[in-house]
Amino acid sequence: MLKIKRLSSNEAFEYSKMTFPAFREILSRLAPEGPYFAVGALFNGLPAGLALGKIHEKNNAEVLSIFVVENFRCRKIGERLLSELEKIFREKDCIDCGLVYMTGKPATPFLESLLKKCGFSEPAFRKLVCRASCKSFMRCGWEKHLKKLPAEYRIISWSEITENDRKKIKRSNEKKEWIAHDLVPFDYEKGYEPINSLAMRYREDIVGWVINHRISFDTIRYTCSYLRPDLQKVGRIVAMYYEALLRQNEVLPFSYGIWTIPSWHTRMIDFAKRHMAPHLDSMNETRESFKKFNKIL
């Protein structure tokens with residue numbers, strides 16, 4: 001017998017393995033007023049599934065995760081969980097609901113089928129997600145770009161950036177905006193990884209950067225990379241990538257790198273598919289689907 005119920009923090013602990021590690025702490029902070037809500041499924045008294053959601057400002061809702069235990073799938077449990085979570089969102093006067101997920105998992109086709117059945121929009125591509133080991137990427141052949149780097153270019157650690165460098169970057173971007181709005185380096189400095197966060201100096205100016213973050217003991221996220229547009233065609237950024245890889249491999253030889261490329265950076269996506277893909281452990285996508293709620297009169 002199937003039972004769907006809204007969960008309190010006291011009830012949610014036994015469902016904690018049914019969501020992502022980053023969301024498990026949320027289960028201890030559930031409250032009737034939100035912003036987090038959880039719906040659990042019991043099949044013959046056993047926990048069978050969990051849907052976790054959040055209501056953001058402006059009455060926009062988000063499904064953070066949805067999971068059904070493998071032994072209980074194909075019983076429409078996912079539809080019931082999503083329906084109950086949607087009911088909560090409607091009660092809280094939400095105007096729509098979104099869900100972001102990553103492809104490349106065995107359950108991806110089932111999730112996309114579920115979203116379609118529940119009236120969500122056709123999934124739209126958001127980001128490319130690349131993952132590689134130092135071991136596999138060291139064989140990519142990019143060392144030639146580093147060896148051929150002209151003398152007027154110099155790769156330095158991001159920690160060597162001076163206050164004068166910072167002022168020059170800001171002034172030049174204010175004068176003629178050349179930095180992509182989502183790749184301004186100063187937005188990503190908090191907690192950056194000093195091992196292989198780099199900058200490229202061309203003559204007297206800083207013209208590029210790779211800002212990274214350690215996200216686990218063996219994985220570094222390559223968070224923000226950019227090169228001044230007039231220098232992009234000559235591939236100088238590849239030399240910077242390879243230098244970052246060398247520095248990572250020197251300290252963490254059996255570690256991994258992960259990076260994402262948003263959909264609007266089309267040239268970088270094309271570069272990744274053509275030149276990075278052969279050396280990656282995986283290349284997947286994050287996709288997003290929406291559902292607008294009809295206002296009940």
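Data overview
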{"read-out": "Among residues of segment 106-126, those that are assigned to a loop (DSSP other than H, G, I, E, B) and in contact (Cβ under 8 Å) with a residue 60 or more places away in the chain, counted", "value": "6"}
{"read-out": "Selection within segment 166-205 - within 27 Å of the chain's Cα centre (by Cα) and of a type in the set (S, T, N, Q)", "value": "173, 196, 197"}
{"read-out": "Residue tally, condition in contact with a Ser or Thr (Cβ under 8 Å, 6 or more places away or on another chain) and polar (S, T, N, Q), over segment 205-248", "value": "3"}
{"read-out": "The lone exception for residue 175 - which of (1) loosely packed, with under 14 Cβ neighbours inside 10 Å; (2) under 13 Å from residue 209 (Cβ atoms) it fails", "value": "(2)"}
{"read-out": "Selection count, segment 247-258, where residues are surrounded by 15 or more Cβ atoms within 10 Å (Cβ to Cβ) and not in a strand (DSSP E or B)", "value": "5"}
{"read-out": "Filter pass, residue 13 being among the aromatic types (Phe, Trp, Tyr), surrounded by fewer than 19 Cβ atoms within 10 Å (Cβ to Cβ), touching a residue at least 24 places away in the same chain (Cβ under 8 Å) and not assigned by TED's automatic domain parsing to the domain that holds residue 216", "value": "no"}
{"read-out": "So residue 192, is it more than 22 Å from residue 267 (Cα to Cα), without any contact (Cβ under 8 Å) to a residue 60 or more places away in the chain and either of a type outside the set (Val, Ile, Thr) or touching a Lys or Arg at 6+ places or on another chain (Cβ under 8 Å) (or both)", "value": "yes"}
{"read-out": "Residues located in segment 177-204, provided they are in a loop (DSSP other than H, G, I, E, B) and either closer than 17 Å to residue 216 by Cα or small (Gly, Ala, Ser) (or both)", "value": "180, 190, 191, 192, 193, 194, 195, 196, 197"}
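Per-residue answers, yes or no, for (1) under 23 Å from residue 104 (Cα atoms); (2) touching a Phe, Trp or Tyr at 6+ places or on another chain (Cβ under 6 Å); (3) hydrophobic (A, V, I, L, M, F, W, C); (4) assigned by TED's automatic domain parsing to the domain that holds residue 234:
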position: 255; (1), (2), (3), (4): yes, no, no, yes
position: 258; (1), (2), (3), (4): yes, no, yes, yes
position: 264; (1), (2), (3), (4): yes, no, yes, yes
position: 270; (1), (2), (3), (4): yes, no, no, yes
position: 294; (1), (2), (3), (4): no, no, no, no
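The values are calculated or read from the model by the stated rules, or taken from the named source; none is laboratory data. This structure is a prediction, so every number in the text was calculated from the model and none was measured. Every residue, glycine among them, receives a Cβ derived from its backbone with ideal geometry; neighbour counts consider all protein chains shown.
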